[in-house]
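Step one of this worksheet: look at the structure below.
The values are calculated or read from the model by the stated rules, or taken from the named source; none is laboratory data. Keep in mind that this is a model prediction, so the values were computed, not measured. Using ideal geometry, Cβ is built from the backbone for each residue, glycine included, and neighbour counts are taken over all protein chains shown.
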Amino acid sequence: MSVNIGSSAQFSKLLTTSTIVVADFYADWCGPCKAIAPTYESLATKHSKPNRVTFTKVNVDNQQAISQQYGVRAMPTFMIFRSGSVINTIRGADVRGLTTAIESAVKLAGAGAPAYSSVGRTLGGPPARGTSVSRPFNFKKLIDTIIAFLGLYFISLFSFDAYAAAENSPFNVNRPAQPRVTPGTKLREKMPAPQTGKKLGTIADLGGD
């Protein structure tokens, strides 16, 4: 939908707040202006975007200051502004030329900022509902688990005491760690502690009185 300009200040403000501004300079008594007006309104409805692409209508009889500022001599005259500067001018009721010029200008406005609708997260807090935290798959852990299962299965299958065999199996992950013995060494036997506090006798003491 196009905006009817009521003052020079209003038009100047739109030139500074919208990336692309399309202005239709027309007159109520102009036949070609009335003929192309439906096409212009259709383009305005299709391409208008707040603060990015704005379509305006400037009545040259009511806004003579604006018309003189931009040198409008014939009606209809269409001017396309980008960041306040004129980048294209179409004179006359040229439907094809007007459509092509507007579509090209709309592309210059660029894409709008993406809108994010997801709920944010607090650093260190629990994950938001509807979101998930993916973790890398541990392939090595899966292989180790399968090997341990098969090892326990076959050891218990070919043993008379399946429970004891499974308990003592090296594949039992809950089995307490055994002390490692380096090859070529022996475990030191536990020697009785020497008795203390007893006086050693002499040969004479053994013979008695």
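Filtered by the rule that a residue be closer than 27 Å to Ala9 by Cα, at pLDDT 95 or above and of a type in the set (Val, Ile, Thr), region 75-107 gives Thr77, Ile80, Val86, Ile87, Thr89, Ile90, Ile102. Is it the case that region 59-73 has a residue that's assigned by TED's automatic domain parsing to the domain that holds Ala93, in contact with a Lys or Arg (Cβ under 8 Å, 6 or more places away or on another chain), assigned to a loop (DSSP other than H, G, I, E, B) and at pLDDT below 95? No - not one qualifying residue is present in region 59-73.
Among the residues of region 7-54, those identified as assigned to a loop (DSSP other than H, G, I, E, B), free of Cβ contacts under 8 Å to residues at least 40 places away in the same chain and of a type outside the set (A, V, I, L, M, F, W, C) are Ser18, Asp28, Pro50, Asn51.
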